[in-house]
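K.L.:
If you scroll down you'll find the structure; I have some questions about it.
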Amino acid sequence: MTTAEVFAPAKINLTLHVTGRRADGYHLLDSLVAFANVGDRLRLTSGADLSLSVTGLFARGVPEDGRNLVWRAAEGAGWRGQIDLEKNLPHGAGIGGGSSDAAALLTALQEQGVPVPPDLPLSLGADVPVCMAARAARMQGIGEEITPVPLPKLPALLVNPGVEVPTGAVFSALEKRESTAMPADMPLFDGVEDCAEWLAAQRNDLEPAALIVAPLIERALGDLRSSRDALMARMSGSGATCFALYPSLKAAHFAAYEIGAEHPDWWCVATELG
């Protein structure tokens, strides 16, 4: 019996440009992705049958059967055993929780010598391949084109105002489906201030649509942008989690304290992205 414990970090879309739509309905994206040092945790114990149990702060409502992406990842790889998932990230939050969980499982299986079908990660979702890399990268196409990007450590505050945002609803509300991509060449950043200045000139094209679906996101963005020392703020993915960058982790923690005190029911976590 083999046991492995793995970490599934939160995925943050620092940018998200929707550049087109394929005939099959899949959207083409150009996104700069970074990963936080907060996330879910999985414990995998090989066995005769596949089973899943979910605990943690955000366990409620998470399926423990074939509806869960982790289950589907294990099944797709032909692995059997017990999966214990500690759910520390809010779901329906635009930070790749389920995708990162599935990716962490597939990466752990690869490290144990279990063959993972090459088309399996992308078939599970557009974010799964980049979450398997679990490092800063530019993600293009429908998620299959991944280019590592060197990023400085980015002190950040993640805020989720407690609303789940269905990705499908956000894409349905999207008015423009063919916007400009990011610049072809990514710059080399001197530090967080330099990076934040460049990011501020980019976009998350899903943000306006998400504000229609979940107006509370606008309050979270406003609080982040008005927090002390915030360099820039944006929504991640399809929402509702938003982030702001700060010159130091101390400044991010201070903002987390202030916003958390005003909104004790919100999820506020200071972290580093990279």
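K.L.:
Looking at ALA201, ALA233, ALA214, which one is touching a helix residue (DSSP H, G or I) at 6+ places or on another chain (Cβ under 8 Å) and either in the same structural domain as THR19 (by the TED database) or modelled with pLDDT of 95 or more (or both)?
P.N.:
Unique residue meeting the criteria: ALA233.
K.L.:
Okay, moving on. Under the condition of being closer than 20 Å to ASP185 by Cα and open to solvent by 10 Å² or more (accessible area, probe 1.4 Å), which residue from the stretch 17-54 is farthest from the chain's Cα centre (by Cα)?
P.N.:
THR19
K.L.:
Return the residues of the stretch 89-99 that are touching a Phe, Trp or Tyr at 6+ places or on another chain (Cβ under 7 Å) and farther than 19 Å from MET132 by Cβ; say none if nothing qualifies.
P.N.:
PRO90, HIS91 - these are the residues of the stretch 89-99 that are touching a Phe, Trp or Tyr at 6+ places or on another chain (Cβ under 7 Å) and farther than 19 Å from MET132 by Cβ.
Okay, residues lined up against (1) under 17 Å from the mean Cα position of the chain (by Cα); (2) closer than 17 Å to ALA34 by Cβ:
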| site | (1), (2) |
| --- | --- |
| ALA103 | yes, yes |
| GLY113 | no, no |
| LEU122 | yes, no |
| PRO152 | no, yes |
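K.L.:
Identify all residues within the stretch 55-70 that are assigned to a loop (DSSP other than H, G, I, E, B) and open to solvent by 30 Å² or more (accessible area, probe 1.4 Å); write none if there are none.
P.N.:
The answer is GLY56, LEU57, PHE58, ARG60, GLY61, PRO63, GLU64, ASP65, GLY66, ARG67.
K.L.:
Check the stretch 93-107 and report whether any residue there is outside the structural domain of ALA201 (by the TED database) and surrounded by fewer than 16 Cβ atoms within 10 Å (Cβ to Cβ).
P.N.:
no
K.L.:
Give ALA8, ALA73, ALA4 a once-over and let me know the one that is assigned to a strand (DSSP E or B), crowded, with 21+ Cβ neighbours inside 10 Å and aliphatic (A, V, I, L, M).
P.N.:
After applying the criteria, what remains is ALA8.
K.L.:
Working carefully through the options PRO129, PRO155, PRO117, find the one that is buried (at least 18 other Cβ atoms within 10 Å of the Cβ) and either of a type in the set (A, V, I, L, M, F, W, C) or not in a strand (DSSP E or B) (or both).
P.N.:
Sole residue among the options that is buried (at least 18 other Cβ atoms within 10 Å of the Cβ) and either of a type in the set (A, V, I, L, M, F, W, C) or not in a strand (DSSP E or B) (or both): PRO129.
K.L.:
What about SER179, is it out of contact with any helix residue (DSSP H, G or I) (no Cβ under 6 Å at 6 or more places or on another chain), assigned to a loop (DSSP other than H, G, I, E, B), among the polar types (S, T, N, Q) and more than 14 Å from LEU32 (Cβ to Cβ)?
P.N.:
yes
K.L.:
Same structure, new question: Tell me the residue from SER31, SER51, SER46 that is within 25 Å of MET182 (Cβ to Cβ) and touching a residue at least 24 places away in the same chain (Cβ under 8 Å), please.
P.N.:
The match here is SER31.
The values are calculated or read from the model by the stated rules, or taken from the named source; none is laboratory data. In this text, all values refer to a predicted model and were calculated from it rather than measured experimentally. Glycine also receives a Cβ, built like all others from the backbone with ideal geometry; neighbour counts cover every protein chain displayed. Note: accessible area is taken over every heavy atom of the protein model, side chains too, but ligands, DNA and RNA are not part of it. Shrake-Rupley method; radii C 1.70, N 1.55, O 1.52, S 1.80 Å.
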